[in-house]
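The values are calculated or read from the model by the stated rules, or taken from the named source; none is laboratory data. Remember, predicted model here, so these are calculated numbers, not experimental data. Note that each Cβ is placed from the backbone with ideal geometry, even for glycine, and that neighbours are counted across all protein chains shown. Just the protein is used for accessible areas: all its heavy atoms, side chains included, with ligands, DNA and RNA removed. Shrake-Rupley method; radii C 1.70, N 1.55, O 1.52, S 1.80 Å.
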Amino acid sequence: MFKKMKIMKRNLFLVLPLLALVVLSEACSTKSDPVPVPAAPTGSYSGKFKLLVKKTTGSGYDTVKNDPLFAVTITAPSKYVVTSSTPSIHALSRGLFQYDPYGQIIRFIDSTYVPGPQTSYHLAGDYQYRMNTTQLQFIRPNNSTTQDTIFFYDLKKTSN
């Protein structure tokens, strides 16, 4: 009887480390669930466009231009149309967009933009964006002047 118990104990002590290795190897495996690609920021949005310029003295920004009428519709697979704006501030533009959901960059390619002096601003270029279910914000430094000038869009979703 004692001999059988000794054999069972010995077998148990041999099996336990093997079992621990199996559990540990499964827990440390590189398998992971696939991360879904975030959806494009499609829908209709309205809100404000602001042109911010860094103050020459002190810190902070001044709002140089403020367009409270700004609205844009973004449709799949890759089109956008600015549907409302204050014409003296922001142009009614349209074109294509591309987005990188992981880098949080959105690029607007404005088909109405003509190089040269502009009387109003166009939705064109690369913007860093942030989106949740009801809000879309994007921001970009104005590359044609100093890095102290910023385009800022703060939009709320109005429809899908």
Is one or more of the residues making up region 110-120 among the β-branched types (Val, Ile, Thr), exposed (fewer than 15 other Cβ atoms within 10 Å of the Cβ) and modelled with pLDDT under 90?
yes
For region 139-150, which positions are assigned to a strand (DSSP E or B) and modelled with pLDDT under 90?
ARG140, PRO141, THR149, ILE150
Selected residue (criterion: farthest from the chain's Cα centre (by Cα)) from residues of region 121-133 that are open to solvent by 80 Å² or more (accessible area, probe 1.4 Å) and under 21 Å from SER44 (Cβ atoms)
THR133
Do we find that ILE89 is surrounded by 14 or more Cβ atoms within 10 Å (Cβ to Cβ), closer than 23 Å to ASP148 by Cβ and in contact (Cβ under 8 Å) with a residue 12 or more places away in the chain in this structure?
yes
